[in-house]
Amino acid sequence: MSQKPLQIDVISLFPEFTASIAEQGVVGRAIQQGKAKLNVINPRQFSTLSHQRVDDRPYGGGPGMVMQFEPLQAAIKQARGQSNDAKVIYLSPQGQSLRQEAVRRLAKESHLILLCGRYEGIDERLIEAEVDEEWSIGDYVISGGELAAMVMIDAMVRTLPGALGGEQSAEQDSFEDGLLDCPHYTRPESVAGREVPSELLSGDHKKIARWRLQQALVRTYLRRPELLDGRELTDEERQLLEEFLAASE
Ligand code: 4G0
């Protein structure tokens, strides 16, 4: 019944900020329930320099600072502990774009070590020596890898069995079936002159399911057409999409 927890170690210069992901919501509950474990290691504790420095100026010149090899390697060594099967992940704008498929795969690992860069990033030789996979949460720059690691942790933890509680499951999320989500409505039935779509009030469960699928297909087609390129449509799905497109001509 209860699975082996997903062990996540994060290497971060802001350990309290990073650990705060475990205090709230879905991730907090999953950790309390033992579905995941979170441990944060500050590479400063492994610095041998004055003021516990872990960065230095870039070779070749230029602005900013680069995180040094040795404190990061020592932090990774501590994070590995006894386990010989940890996967080391570096969050950076140079990584592959993270998608739901990779989130699900990584959540099935037993031990992940997430490396958070600050400044201009980390010494390339540390990536060569220790990093298994480099991921990006999107094509923009943020001030440190911590928020990227927290995004990744949230996305992974909500895929763990039972993490969402009740009958709800991550399979209902957008992207799990390669489509955007359909629109949602709650009470009241009429607000500011806007009505809930009649299909959702019909009580006809097949009709509701077809309407939701059609909305998901149409939204994906209009907003993120590239998502449909990598996905075969069933006969029903193709019919629902064509029906909508024909009606809107
Ligand atoms: C490495 C991840 C890390 C290099 C981290 C910055 C965006 C992402 C960082 C840099 C991050 C992302 C070269 C500025 C820390 N920003 N998109 N910031 N450089 O996943």
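The values are calculated or read from the model by the stated rules, or taken from the named source; none is laboratory data. Worth saying up front: this structure is predicted, and the values here are computed from it rather than measured. Cβ placement follows ideal geometry from the backbone for every residue including glycine, while neighbour counts extend to all protein chains displayed. Accessible surface areas use protein heavy atoms only, side chains included; no ligands, DNA or RNA. Shrake-Rupley method; radii C 1.70, N 1.55, O 1.52, S 1.80 Å.
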Inset, instruction - Kindly list the number of the only condition in (1) assigned to a loop (DSSP other than H, G, I, E, B); (2) open to solvent by 60 Å² or more (accessible area, probe 1.4 Å) that fails for Leu233. - result: (2)
Inset, instruction - Starting from residues that are farther than 14 Å from Gln68 by Cα and not in a loop (DSSP other than H, G, I, E, B), keep the ones in region 124-141 and report whichever is nearest to the ligand (Cβ to nearest atom). - result: Ser136
Inset, instruction - Could you tell me whether any residue of region 169-179 is at pLDDT 95 or above, loosely packed, with under 12 Cβ neighbours inside 10 Å and assigned to a loop (DSSP other than H, G, I, E, B)? - result: no
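With the structure loaded, tell me whether Ile76 is more than 10 Å from the ligand (Cβ to nearest atom), within 24 Å of the chain's Cα centre (by Cα) and modelled with pLDDT of 95 or more or whether it fails that test. It would help to see each step written out before you state the result.
Values: more than 10 Å from the ligand (Cβ to nearest atom): yes; within 24 Å of the chain's Cα centre (by Cα): yes; modelled with pLDDT of 95 or more: yes.
Answer is yes for this residue.
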Inset, instruction - Enumerate the pairs (first residue in region 91-106 and β-branched (Val, Ile, Thr); second residue anywhere and within 14 Å of the ligand (Cβ to nearest atom) and at pLDDT 95 or above) with beta-carbon separation below 6 Å, excluding pairs fewer than 6 apart on the same chain, so at least 6 apart or on different chains. - result: Val103/Ala155
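Restricting to region 94-107, name every residue that is of a type in the set (Val, Ile, Thr) and either part of a strand (DSSP E or B) or touching an Asp or Glu at 6+ places or on another chain (Cβ under 6 Å) (or both). I'd like the intermediate steps shown before the answer.
Of all residues in region 94-107, those of a type in the set (Val, Ile, Thr) come to 103.
Of everything in region 94-107, nothing turns out to be of a type in the set (Val, Ile, Thr) and either part of a strand (DSSP E or B) or touching an Asp or Glu at 6+ places or on another chain (Cβ under 6 Å) (or both).
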Inset, instruction - Taking the options Gly121, Gly117, Gly144, name whichever one is closer than 19 Å to Pro71 by Cα, out of contact with any Ser or Thr (no Cβ under 7 Å at 6 or more places or on another chain) and near the ligand (Cβ under 8 Å from one of its atoms). - result: Gly144
Inset, instruction - Quickly run through region 222-243 and pick out the residues that are under 25 Å from the mean Cα position of the chain (by Cα), without any contact (Cβ under 8 Å) to a residue 24 or more places away in the chain and closer than 30 Å to Ser190 by Cα. - result: Leu222
Legend entry - Search result, residues across region 50-72 that are more than 15 Å from the ligand (Cβ to nearest atom) and buried (at least 18 other Cβ atoms within 10 Å of the Cβ): Pro71
